[in-house]
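The structure appears below as structure tokens.
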Amino acid sequence: MIGFMVRHPVATFFSILLHVVLVALLTIEWTEPSASIKISATNSEDSQPNAVSEVRQIEPLKTFAVDASLVQEKLEKIRAQEAAKKQESQQLEAKTQQERARLKELQKHQKIEQEKAEKARKQAIQQRAKTEAERRKTELERQKTEEAKRLAKLERSKAEAEKVKAKEARKAAELAEKERLKSIEKSKQAEKIRLLEEKKKRALEKENAAKAKENEALKKAQEKAKATAALQRQLDEEASAQRKAQKRKQLVSLRESYISAISAKVRDNWRTPARISPKAECDLQIIQTPKGNVTSVKILNCNEFATKQFKVAAEKAVYRSEPLPKPPVKELFERKITFEFKP
Amino acid sequence: MFQVISQIKAKVVFVLMFVLISPPLWAGLTIEISEGYDNAIPIAVVPFGFEQQAGGNSQGGNTPANKAAPVDLAQVISANLRRSGQFKPLLNSSLPSQPSNVDDIIFRQWRSLDVDNMLIGKLVDQGGGFYQVDMRFMDVLRKKQVLGKRWNKVPKENLRQIAHQISDLIYEELTGVRGAFNTQIAYVTLRKKNKKRHYTLEVADSDGFNAQAILKSTQPIMSPSWSPDGQKLAYVSFENGRSEVFVQSLDGAYRHKMASFKGINSAPSWSPDGKKLALTLSKNGSADIYTMDIKSRKLKRLTKKWSIETEAIWAPNGRSLFFNSDRRGQPQIFQVFLDTLEIRRVTFEGRYNANPEISPNGRYLAMVHGQGGFNIGLLDLHTDEFNVLTDTFLDESPSFAPNGEMILYAMNRKGKGQLAVVAIDGNTSQILKVKNGEVREPAWGPFLTNK
């Protein structure tokens with residue numbers, strides 16, 4: 001129901017409003033005829049103007065509460081009166097109590113009879129009849145009122161019950177609302193908490209993520225640093241290797257130039273009366289002293305064009321080249337040097 | 001034939017005798033080196049030590065101090081090497097010392113002279129006109145002996161030959177080519193005496209020494225040709241008023257008239273096996289090439305043409321001959337194959353190519369090449385490369401040294417016939433002259449000793 005109300009607050013509002021209007025209408029309906037009663041009551045019981053005003057001022061339901069006490073008193077009075085007119089009233093009451101269903105008819109009948117009587121009395125004894133009718137009317141009225149009161153009471157109780165019920169309902173509704181609100185609040189709270197928690201969680205997660213990210217970054221940075229270091233190391237190594245290679249290359253090229261200087265000097269000193277094929281070629285293996293003096297010359301790997309004269313002339317050219325050129329760097333000195341010789 | 005004679009006459013006219021250097025008495029030819037290699041190799045040829053053999057049976061009891069060596073071997077060798085154009089022997093005056101034993105050599109001294117090799121030797125008088133020759137050829141750079149040889153009981157008259165042999169050994173050691181110093185050359189000299197011409201066929205050592213007259217005549221002698229064994233000469237003599245071909249042994253044992261046919265008998269050439277002669281004969285009309293079996297005198301005609309075919313020489317393998325023919329109008333060299341008598345033209349360079357001569361290895365063909373003047377041309381039969389080797393005047397009669405390194409030829413200088421030698425690469429040349437006369441018709445003989 002609360003869910004319904006929550007879902008349809010306008011409908012709820014209108015239903016409540018309708019209830020209130022209905023109750024108000026009921027009250028107004030009942031107040032209207034009671035005006036005459038009031039009047040009569042005012043007429044008969046002046047002692048309770050406050051009540052009347054009070055009735056007027058306060059809510060209709062309260063008015064009933066006040067009326068109820070009045071009715072009680074009146075009922076006491078009526079009982080007292082009835083004590084006086086014991087039979088009739090007892091009969092009437094018994095009749096009333098016994099044949100509630102026939103009451104109205106009886107009343108009607110009485111009314112007709114009363115009217116008849118009245119008509120008759122009107123002409124005859126208007127006063128008496130009037131009074132009697134009045135009294136009866138009052139009695140009826142009172143009975144009616146009583147009945148109405150009872151009904152009202154019933155209604156009231158019913159209304160009360162309704163009210164209570166409504167109240168309860170309201171209360172329940174309120175409670176429910178409250179509960180709902182509470183629950184809403186709670187859920188809100190929970191939501192809030194949840195949100196908070198979620199937020200927290202998110203924050204935590206975020207934090208964690210950030211942390212992780214940071215860690216990651218740190219790790220990455222570390223790795224990067226590591227990699228950079230490795231790279232640097234590698235670069236250093238490479239650079240050193242390169243330097244070494246360069247130096248080696250340099251040495252190799254120096255060595256090449258050293259050897260070519262030797263071979264050039266040998267070629268410069270090459271001379272022979274022999275007719276040598278331009279294709280003649282041998283490897284010369286020279287063993288030298290650090291001062292560049294030739295210890296020995298070996299002629300190796302000659303091709304088919306290298307005659308004996310070529311070999312001898314080559315060997316002589318080596319000796320004639322003494323002292324052999326010195327190496328550009330001391331460490332390049334080689335005791336044994338081999339190179340390809342082609343005049 | 002008249003052609004040839006007129007050619008010679010033209011060269012002989014207006015000859016002036018002019019001897020620059022007074023030659024040794026025994027010298028037939030004077031050799032003048034006109035050109036050498038730019039990059040001749042310095043070499044030290046130390047005068048040979050001369051000793052009397054201790055306890056030798058020398059006659060007369062002369063002390064060694066008084067006796068000079070009969071032959072200056074070092075000088076002969078030095079001249080040979082110098083003449084080759086490939087070596088530059090040091091002058092005796094620039095030698096730091098004159099060791100004759102290996103132990104006496106101070107290599108340092110020679111090294112500083114930029115000398116690679118040195119020859120030292122000893123001549124020992126063994127008495128009785130016999131000598132012992134000892135030679136050591138040293139490598140100054142490697143400080144070691146390269147060659148060493150000793151000859152015992154060498155007669156005095158053979159000492160020069162020993163010197164030539166030593167020259168050959170050195171030459172071969174250094175160049176890888178057999179030396180041709182120990183060889184002989186034949187040539188014809190012309191001297192005028194009392195307005196008469198005297199022709200002499202001579203044979204001398206390759207250095208022009210030891211000249212010997214083989215034949216003397218007042219009539220022209222032409223075209224000497226060595227037998228492969230070096231013992232005989234074939235030549236053309238006009239001694240009988242016309243051309244005839246003779247074969248004569250150098251020791252004078254015999255002289256045979258080989259061809260005396262009607263017409264021309266000329267241009268003899270020995271076959272490599274020494275059993276045949278190639279000849280130019282015109283007994284059947286025009287001059288043609290024939291071969292003659294020396295023993296049987298049997299002829300074989302190789303060419304049958306109206307044109308002149310002459311000057312045939314044998315290919316070293318003996319299977320073909322090169323000859324000169326004007327069958328195309330101008331003289332060119334042709335080749336005829338003995339088995340099929342097929343003939344092919346060999347020279348195409350220029351309008352005149354005659355007088356062919358083949359190198360001992362069969363690779364080069366030397367010839368008289370006419371292009372404005374007449375010079376010696378060389379055709380490489382392997383590559384067809386042709387070169388003119390000489391720049392002398394009216395060159396003729398090329399003849400290869402037996403090692404194929406040089407070409408001896410006749411030329412004309414100042415109107416006088418002289419001989420000249422040119423290396424086959426054209427790098428060196430020398431001139432051989434004769435005292436009081438002209439010299440022509442050279443032929444370089446074969447190796448005198450078997451290797």
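For this structure, a couple of remarks:
- Unmet requirement for A:LYS226, which otherwise passes all of (1) loosely packed, with under 14 Cβ neighbours inside 10 Å; (2) touching a residue at least 60 places away in the same chain (Cβ under 8 Å): (2)
- Any chance A:GLU118 is charged (D, E, K, R), surrounded by 12 or more Cβ atoms within 10 Å (Cβ to Cβ) and assigned by TED's automatic domain parsing to the domain that holds A:ALA152: yes
- Meets criteria (buried (at least 17 other Cβ atoms within 10 Å of the Cβ) and assigned by TED's automatic domain parsing to the domain that holds A:PRO9) for A:ALA148: yes
- The stretch A:267-306: number of residues that are more than 13 Å from every other protein chain (Cβ to nearest Cβ) and either assigned to a loop (DSSP other than H, G, I, E, B) or touching a Gly at 6+ places or on another chain (Cβ under 8 Å) (or both): 11
- Here B:SER94 passes the criteria (1) at pLDDT below 85; (2) of a type in the set (Ser, Thr, Tyr); (3) farther than 24 Å from B:GLN165 by Cβ except the one numbered (1).
- Any hit, the stretch B:442-449, residues being away from chain A (no Cβ under 14 Å), under 19 Å from B:PHE181 (Cβ atoms) and either touching a Cys at 6+ places or on another chain (Cβ under 9 Å) or surrounded by fewer than 16 Cβ atoms within 10 Å (Cβ to Cβ) (or both): yes
- Of the residues B:VAL188, B:VAL245, B:VAL236, B:VAL203, the single one that is farther than 27 Å from B:ILE431 by Cβ and crowded, with 20+ Cβ neighbours inside 10 Å is B:VAL245.
- The set of residues in the stretch B:378-402 that are outside any loop (DSSP other than H, G, I, E, B), out of contact with any Leu (no Cβ under 7 Å at 6 or more places or on another chain) and surrounded by 21 or more Cβ atoms within 10 Å (Cβ to Cβ) comprises B:GLU396, B:SER397, B:PRO398, B:PHE400.
- Odd one out for B:GLU202 among (1) assigned to a helix (DSSP H, G or I); (2) more than 14 Å from every other protein chain (Cβ to nearest Cβ): (1)
- Number of the exception - B:GLN219 against (1) surrounded by 17 or more Cβ atoms within 10 Å (Cβ to Cβ); (2) under 29 Å from B:SER271 (Cβ atoms); (3) away from chain A (no Cβ under 14 Å): (1)
- Residue among A:SER157, A:SER257 that alone is part of a helix (DSSP H, G or I) and at pLDDT 80 or above: A:SER257
- Unique residue being surrounded by 12 or more Cβ atoms within 10 Å (Cβ to Cβ), more than 60 Å from the chain's Cα centre (by Cα), modelled with pLDDT under 75 and not hydroxyl-bearing (Ser, Thr, Tyr) when the list is A:ILE125, A:ILE58: A:ILE125
- Sole residue being aliphatic (A, V, I, L, M) and farther than 19 Å from B:THR189 by Cβ, chosen from B:LEU419, B:LEU432, B:LEU379: B:LEU379
Each row is one residue, and each column tells you yes or no for (1) at pLDDT 90 or above; (2) closer than 30 Å to B:ALA401 by Cβ; (3) not charged (D, E, K, R).
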site	(1), (2), (3)
B:ALA68	no, no, yes
B:SER78	yes, yes, yes
B:SER84	no, yes, yes
B:ILE105	yes, no, yes
B:SER112	no, no, yes
B:PHE130	yes, no, yes
B:MET138	yes, yes, yes
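- Checking the stated criteria, A:ALA221 turns out not to satisfy the condition of being within 20 Å of the chain's Cα centre (by Cα) and not assigned by TED's automatic domain parsing to the domain that holds A:ARG7.
- Of the strands (runs of 3 or more DSSP E) that lie entirely inside the stretch B:264-372, those containing 2 or more residues that are polar (S, T, N, Q) span B:265-270, B:320-325, B:332-337, B:352-358.
- Against the list (1) in contact (Cβ under 8 Å) with a residue 12 or more places away in the chain; (2) closer than 21 Å to B:VAL177 by Cα; (3) more than 10 Å from chain B (Cβ to nearest Cβ), the condition A:GLN309 fails is (3).
- Which numbered condition B:PHE209 misses (of (1) aromatic (Phe, Trp, Tyr); (2) within 14 Å of another protein chain (Cβ to nearest Cβ); (3) touching a residue at least 40 places away in the same chain (Cβ under 8 Å)): (2)
- Test: residue in the stretch A:315-338 that is at positive phi and either at pLDDT 90 or above or out of contact with any helix residue (DSSP H, G or I) (no Cβ under 6 Å at 6 or more places or on another chain) (or both): no
- Failed criterion for B:PHE209 (all others in (1) assigned by TED's automatic domain parsing to the domain that holds B:VAL421; (2) more than 23 Å from B:PHE50 (Cα to Cα); (3) outside any strand (DSSP E or B); (4) of a type in the set (Phe, Trp, Tyr) hold): (2)
- Residue ID - farthest from B:LEU378 (Cα to Cα), chosen from residues in the stretch B:417-438 that are more than 14 Å from every other protein chain (Cβ to nearest Cβ), among the polar types (S, T, N, Q) and touching a residue at least 24 places away in the same chain (Cβ under 8 Å): B:ASN436
The values are calculated or read from the model by the stated rules, or taken from the named source; none is laboratory data. The model shown is predicted, which means the values in this text are computed figures rather than measured ones. With ideal geometry, Cβ positions are generated from the backbone for all residues, glycine too; neighbour counts draw on all protein chains shown.
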